[in-house]
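One structure is given here, and the rest of the page talks about it.
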Amino acid sequence: MRWLIVPEARTGGKRHSVSQGQRHMWYTRTMLPTVTSRVPRRSYGLLLTCLALLLALLAVGAWLGLRVYRQSAAFPAPLALMPLAADKSYGVTADLSGLSPAERDAALLRMGDLSIRWLRQPFPWSEIEPRRGEFNWSPWDDVVAAAKRHGLRIVAVLDTSPPWARPPETPPHTPPTELADIGAFARALAERYGDRVEAYQVWDEPNLSTHWGNRYVEPRGYARLLREAAISIRQADPAATILTAALAPTVERGPLNLNEMDFLDQLYRSHADEWFDVVAIQPYGFAASPDQPPATGVLNFRRAALVRQTMVAHDDGETPVWITGFGWRAEGLISSADAALWPAVKPIEQQEFTAGAIALARSEWPWLGPILFAAWDADLMEPDDPRRGLALVERDIHLPSAAGLRAAAVDDRVATVGTYPATHPSGRYTGDWRVSAAGADVPRHPPATLTIEFEGTRFDLLVRRGDYKGFLYVTVDGQAANQLPQQDGRAYLVLFDPLEATAGVTLARYLPDGRHKVVIEAEGGWYQWPIVGWRVQREADVRTEVVLLILVGLLTLAAGVGLLWQVRRMPWRSGLSEVLSRYARLGTPLQLVLIVAAAAAFYLAPGTLPSLAGLALMFVAVLPLPDLGLALVGFSLPFFLLPKSLVGRTISLTEVTLILVALVVVIRRALGLVGVGVTALPPATATWPPRVTGLDGTAWLLTGLAAVGTLVTVLPFTPSDWLREAGANATLMLLPLAGILAAGAGAAADSGTGRHGHWRGTPAWQIDVGVAGLVALALIASLVADNIAVAFQEFHVVVWDAAAFYALLRLVGRGGGRHVTASAARVPLVAFLAGATLMAAYAIYQFFGTDETITAEGVRRALGTYGSPNNLALLLDRAAPVLFAWLAFGTRCAADPGDAPPSRRWRRRLRIGLGLALVIVLAALILTFSRGALLLGLPAALLFIGLVRGRRMLGAALALVAAAAGGIVPLLGTERLQSLTTTDSGTGFFRLRLWESAWTMLHDHPWFGVGPDNFLYQYRTRYLLPDAWQEPNLSHPHNLVLDFGTRLGIGGIAILIWLVVSFWRLALPLYRRLPEGETRALVLGVMASMAATLAHGLVDQTFFLVDLAGIFCLMLAFVANVAGDSRSAPAN
């Protein structure tokens, strides 16, 4: 059926409330003539012309937009002034401590010939201090002195531990037992060489097991070692530059070896960024060319960009990166067996790749400082040393990598892409300038000229303006600077500004990409230190494309208006309604298959464009049936920890589907207002034609704001990461709200009053109030929390999304209709049960087919996709009672009153399917060995079912619980049970201490708690009891009352009680009123699941996880919807 259209021209411009018979009459008398009326052929021609023109313009606009995006994204963004990245010189790693004085001087001279300015020299602790307090500095004294004579700067690498400082029978690359020992060595080294060593690098390759004592790598352990050394060095040498250890390139994820990005990420999470000034990396090229795109699973030179992304993700864009080892290994200097482990390239390729890598780094990575080669002289290395193929020289012969360095290295007197202080060698001053790290001061008398050579397309000057007279006259390549005002053919920059502001002023843009010369003549401004530095950029010249894009946009708008002008004369609404209606009549099973297939295509699609195509398929599949989209949300709840990468972000399928359903609801409401729909005829109380309400306008406004947020998130020229994050949150939070408002507008229109006049008359209004109160209180608690970012994140992904799921379940009925029937209410619940069964099956496979389990207190425990077996148990003990009740009591008769009883064959198949699902879920639940689920959750559910079904079922439930207890107790293991019952140690002891701490926390923060997801930060830093320090990283108090209280205050406890009481007040009478059937059995199962939730919640989580919050709201909505559809059902 269609929504009926009654043109106002045929009804005198009036709106009518119509009865069923009147609506049928209007359909036959007014709609059919409109559908069958003839449309002039000329109108069809104009329509097709406008459509073709619009599509062509959209294609051209998309091409231009993609071109602008790609060209803009290909060039680096400007950075703040970073002196440690302004050094664009080169260096090499070489241990010169074993050479004779003549050999050492010869090596240093040859380094100078290759323009090498940095020497990375190992200072092995194990050799310098072989016995505690006895130092042998002599060889390294000679190296430092010789380097200073030849003008090389030193990076001192502190590495290895002496036997007395490390555990017995461990290799030298083992961290010391006592961190104070390496701190003492670091301080002694800095005291001895602090005036001659420019940088210190603490350890080498700690992300490899071989450099961490042949044991599991420990990013947090390295962070502590780095902190100890950095503090000691800075005590002796306050101006020291501290480098992180050079992180080795690897694609492994642990535990023996850990890739650079994950290792660095954990360093930031340990707040180690306080202890280093530079991140050091080793982006070896292996067998790949330097221009191969970066990827987490690929080892190549551009992998350095992924490390930089990790730094930016932690808001550390101002720390530079140094390359302390790179290159390609050349054939001929390595053995064939060694080449199999580390690929080699031909010598000519080594030269070309080295030159290409240097050129790429200097033109695209302004955050990169010095580049150091990994090895110096192959002749000084052992024949089996894998670094021989990386060497720059062999005896007196320059190897291909040295030739590549000479071919590509830019003189440090030429500024490449980056930001530079006034002291940088690329600036050559003529006259009596005063120059310091703070800036350059203009001489009082001429000459006062500054000449800067650079390579790039744009040049900015950083100036310190003030309340003084001063001008800078600028030429670029002999011509007036093209971005400054001119007088008499001279470009000038005004230094006067009473606000005394420091600013970056663009002098020239859109220059040819190459070398240029800027000449600045100063007039006035002496004693003001006006020149702070300069910035060089490479940027795309997209001015022509932008103008064309604007023109195409205007033409597209005109073509769209023309198309709408023609469309309004066509009988398109009836045709579109028919297409959508035919899809809606396919039947739920086939529709679900199509929706799941579209979701799978989206989730599995590689890359952004295929993913967006899959998302479009999901939208088309869900558009006629948003209620089945909500079923997909329920199905995906167990898999929320498997996110999808989309436009540079990761997002769960649960949230994607929720947003998609909300958008569908908004669009369906808009289509309904213009006469297109796929639902049944409007209710007799509806006002027809429908009116646009304030809710509609608000929903459209929020949708528009969400669209703006999407653009801010994906566009490459968004000015800040904060704004990009805000845009993403706007999209993810405003669209669900828009969908709720649109659904509410439709429901209000269906009531015939234009508002929810009878809302308080609905059976579930108290639950609705409780959910709304939970959202409001969680928002307030988030805003007043100490860690507001963490609190708001949990508010968004847990409370807000779950509440939006609840609201849409309550408002969106079958096929998108406004009335949610009991039959429609079952679909999302059944979808959740299917997802839980699939997760359980995966956990069983994982337990028996892989090693991906956790062993604790003597037992192996199943995980699924969760990080803890207890989280898997929390999911499964919510699904098992519903499956049991459905199987035991819901497969014998019709689903609802008035339905035909199912066939015997169908009942048998249903029982087999439910029985198999129940066995899978229970098996996985047992393999979690969760004491909360097996000793509290499941027994509570079984006993509740027994109490409700009568004495006979109660006896069976008690027998089943007793039998299960007899079978489970031996499986749990003696150690695991003892830890539960012991009050002076083990789990029982720590749980009591945790509750004591949580109660104190609630007492200190009674009104709004500490905020969502802030328990961890408050507990481990303030409320952790001294005798419970062994478990400091607990994120919740393991009790539902204390959890709501510590997160939301006493108001949170009140809302929890309100919701639970409202649920039982609604569910128990509903169950008694319903006749036997599937719906009654599912209501019983949901009540049993709630009993398991509350029982298990006495010792574990209840709500504040994505899946648990979604399941909780699903149970509330199911009971509320069935109650709303069953008020007139006969008593049982």
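Here, each number is a calculation from the coordinates, and none is a lab measurement. All figures in this text were calculated on a predicted structure; none of them were measured in a lab. No Cβ is skipped: glycine too gets one built from the backbone with ideal geometry, and neighbour counts run over all protein chains shown.
General observations
- With a Förster radius of 22 Å applied to the C-beta separation of ASP195 and ALA438, the computed FRET efficiency comes to 0.50.
- Neighbour counting of Cβ atoms within 10 Å sorts the residues TYR806, TYR510, fewest neighbours leading, into TYR510, TYR806.
- Highest to lowest packing among 790-801, 127-138, scored as the average C-beta count within 10 Å: 790-801, 127-138
- Region 1058-1075 and region 89-121: distance between their alpha carbon centers, rounded to Å: 82 Å
- Beta bridges per DSSP with both ends in region 438-530, % antiparallel, nearest 5: 95 percent
- Taking Cα centre as origin and charging only the Cβ of basic (Lys, Arg, +1) and acidic (Asp, Glu, -1) residues, the dipole magnitude of region 418-539 rounds to 120 debye.
- FRET efficiency for GLU1076 and ALA597, using Cβ-Cβ distance with R0 set to 41 Å, rounded to 0.05: 0.70
- Straight-distance crosslink candidates among aspartates and glutamates, where the alpha carbon sits under 15 Å from LYS469 and sequence neighbours closer than 8 are dropped: ASP441, ASP497, GLU500, GLU521, GLU523
- A straight Cα-to-Cα reach below 23 Å connects LYS88 with the lysines LYS148, LYS517, residues fewer than 8 places away in its own chain not being considered.
- Solvent-free Debye scattering, log10 I(q)/I(0), computed from the Cα coordinates of region 445-491 at q = 0.15, 0.19, 0.24, 0.25 Å⁻¹: -0.49, -0.79, -1.19, -1.25
- Counted charge near LEU472, where neighbours are those whose Cβ lies closer than 9 Å (Asp, Glu -1; Lys, Arg +1): -2
- For region 418-539, the relative contact order is 40 percent, taking Cα pairs closer than 8 Å that sit 6 or more residues apart in sequence and dividing their mean separation by the residue count.
- Each 10 Å bin, from zero up to the one with the longest distance, holds this percent of the alpha carbon pairs of region 86-408: 6, 27, 37, 25, 5.
- Relative protection proxy for 878-885, 629-636, 303-310, from highest mean packing down: 878-885, 629-636, 303-310 (other beta-carbon atoms within 10 angstrom).
- P(r) weight above 20 Å for region 598-676, C-alpha pairs, percent: 31 percent
- Förster radius 41 Å - calculated FRET efficiency between ASP105 and THR451 (Cβ-Cβ, nearest 0.05): 0.70
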